[in-house]
Amino acid sequence: MYQHITVPADGQKITVNADFSLNVPDNPIVPFIEGDGTGIDISPVMIKVIDAAVAKAYGGARKISWMEIYAGEKATNVYGPDVWLPEETLAVLKDYVVSIKGPLTTPVGGGIRSLNVALRQQLDLYVCLRPVRYFTGVPSPVKEPEKTDMVIFRENSEDIYAGIEYQQGSPEAKKLMDFLVNEMGVTKIRFPATSGLGIKPVSIEGTQRLVRKAIQYAIDNDKPSVTIVHKGNIMKYTEGGFRDWAYALAQKEFGAELIDGGPWCKFKNPRTGRDIIVKDSIADAFLQQILLRPAEYSVIATLNLNGDYISDALAAQVGGIGIAPGANLSDSVAMFEATHGTAPKYAGKDYVNPGSLILSAEMMLRHMGWLDAADLVISSMQKSIASKRVTYDFARLMEGATQVSCSGFGQVMVEHM
Ligand SMILES: NC(=O)C1=CN([C@@H]2O[C@H](COP(=O)(O)OP(=O)(O)OC[C@H]3O[C@@H](n4cnc5c(N)ncnc54)[C@H](OP(=O)(O)O)[C@@H]3O)[C@@H](O)[C@H]2O)C=CC1
Ligand SMILES: O=C(O)CCC(=O)C(=O)O
Ligand SMILES: [Mg+2]
């Protein structure tokens, strides 16, 4: 049926109901993209750890049938030069509903545009969900890392990140510049003859579907606040629009009422009766607040580029991107992936921390409703870190640690189940 994808004979598809709930068979087929760079190291370790957790939790009654699909450099090897994101990869990701991927390389400046962004855009995975929590014992650059407990909802389909750009000197850049200068009367472009140009689309629908998910998450998980992070003082009609449309949604759909004349507002969590405050913070100030007063922030709703920066910055506070998980979500399709990239200098060395991808898979198990297996991954991660047998990123800062390899840490996790 597929050109280069082998469907496991012994599994079934996960399907989605009209209300977006999942039907998860006991033997689901889960597609995975190995990933470029260190993907070759972390993906097999993730699979081994997750298989062990599922086997332990369900005694053989449940099992994932992994199905390799291709993107990035491996796709060009399998499908031929220049085929970075095969059509059948996209078709499988849609059809099989739940998947996981390793990191994919994006060259700086020229070359291909981000395959990660392309996957999110083409599958309309409009939420990038990145929880940031502290595991006891992880070395951190801050004094009280346990106070950092936030969940980032990053808009994943719009913003300057959409990659609508025109190269300096190209006919397209010239045409757009002529339009801006001659027809729109723009006088603020300092060097019009030598500028590259980028476009930053931010819409009401794009903002509100993201913020709706963030507020619903706060309700479902009994969180005290949702903070809208933006640079709306400077970019008034994009980032400022994001803030205004977010507040409007909180009031219209969740019944939030203004606090002291606004713009902050609050409403009662319909499940617990506790207040949920919806507030906002300008992005530069927010980046210092999360270091100085992290306990004041819980659920974060932000635009695409801010969310990219914030997720790595927050990950650093709890020990680094070696342990920061994530998910890309639409209403029906979910593709899990680590926050970090391909870390090319470590590729193929069995060296890096597989924790981010393992914890992304833990989010996947939870999404599938396999809570016992997910809990086992978390408890094993806690015990493994406490045992101080950790990869280089933790070992270099942890007193009394024994450094283990990427696969070695996977083994430590399996031993602690
Ligand atoms: N979703 C995706 O697929 C993403 C892809 N990318 C792409 O990845 C490529 C490389 O990007 P780069 O900016 O270097 O960022 P990376 O996240 O790949 O690496 C930056 C640094 O983070 C640390 N790090 C990364 N992964 C791990 C890990 N598993 N365990 C421990 N530490 C880790 C290393 O720090 P140290 O040097 O201190 O050891 C590494 O040098 C680029 O092409 C980029 O576009 C980037 C982000 C996300
Ligand atoms: O697509 C890329 O190469 C980088 C993406 C990224 O940094 C992210 O989504 O966090
Ligand atoms: Mg990033």
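The values are calculated or read from the model by the stated rules, or taken from the named source; none is laboratory data. Not measured: the values here are computed from a predicted model. FYI the Cβ positions are ideal-geometry reconstructions off the backbone, even for glycines, and counts take in every protein chain you see. Just so you know, the surface numbers come from the protein's heavy atoms only, side chains and all, with ligands and any DNA or RNA stripped out. Shrake-Rupley method; radii C 1.70, N 1.55, O 1.52, S 1.80 Å.
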### Query
Out of the residues in the range 285-313 that are within 21 Å of the chain's Cα centre (by Cα) and free of Cβ contacts under 8 Å to residues at least 60 places away in the same chain, which is least open to solvent (accessible area, probe 1.4 Å)?
Phe286
### Query
When the residues of the range 333-353 are filtered to those that are aromatic (Phe, Trp, Tyr) and within 9 Å of ligand 1 (Cβ to nearest atom), which remaining residue is surrounded by the most Cβ atoms within 10 Å (Cβ to Cβ)?
Tyr351
### Query
Of the residues Lys268, Lys345, Lys349, which is without any contact (Cβ under 8 Å) to a residue 24 or more places away in the chain, out of contact with any His (no Cβ under 7 Å at 6 or more places or on another chain) and more than 18 Å from Ile219 (Cβ to Cβ)?
Lys345
### Query
When residues of the range 102-111 are filtered for being away from ligand 2 (no atom under 11 Å from the Cβ) and within 20 Å of the chain's Cα centre (by Cα), how many remain?
1
### Summary
Per the list (1) within 11 Å of ligand 1 (Cβ to nearest atom); (2) surrounded by fewer than 19 Cβ atoms within 10 Å (Cβ to Cβ), residue check on Lys101 breaks on (2)
#### Entry: Answer from Phe20, Phe32 - the residue that is out of contact with any His (no Cβ under 9 Å at 6 or more places or on another chain), aromatic (Phe, Trp, Tyr), in contact (Cβ under 8 Å) with a residue 40 or more places away in the chain and in a loop (DSSP other than H, G, I, E, B)
Phe20
### Query
From the list Asp82, Asp95, which residue is surrounded by fewer than 20 Cβ atoms within 10 Å (Cβ to Cβ) and on the phi > 0 side of the Ramachandran plot?
Asp82
### Message
Just to be sure I understand, how many residues within the range 133-151 are under 17 Å from Ile358 (Cβ atoms), under 17 Å from the mean Cα position of the chain (by Cα) and open to solvent by less than 10 Å² (accessible area, probe 1.4 Å)?
### Response
0
### Message
Being buried (at least 19 other Cβ atoms within 10 Å of the Cβ), small (Gly, Ala, Ser) and assigned to a loop (DSSP other than H, G, I, E, B) narrows it down to one residue among Ala61, Ala71, Ala57, Ala75; which is it?
### Response
Ala71
### Query
Any residue in the range 155-168 that is without any contact (Cβ under 8 Å) to a residue 24 or more places away in the chain and open to solvent by 90 Å² or more (accessible area, probe 1.4 Å)?
no
### Message
With within 9 Å of ligand 1 (Cβ to nearest atom) and closer than 30 Å to Pro25 by Cβ as the only criterion, which of Ser330, Ser356 stands out?
### Response
Ser356
### Message
Checking the structure you have, find out if any residue of the range 169-183 is touching a residue at least 24 places away in the same chain (Cβ under 8 Å), within 15 Å of ligand 1 (Cβ to nearest atom), surrounded by 14 or more Cβ atoms within 10 Å (Cβ to Cβ) and not acidic (Asp, Glu).
### Response
no
### Filtered residues of the range 180-200 (kept if closer than 21 Å to Gln168 by Cβ and assigned to a loop (DSSP other than H, G, I, E, B))
Met184, Val186, Thr187, Lys188, Ile189, Arg190, Phe191, Ser195, Gly196, Ile199, Lys200
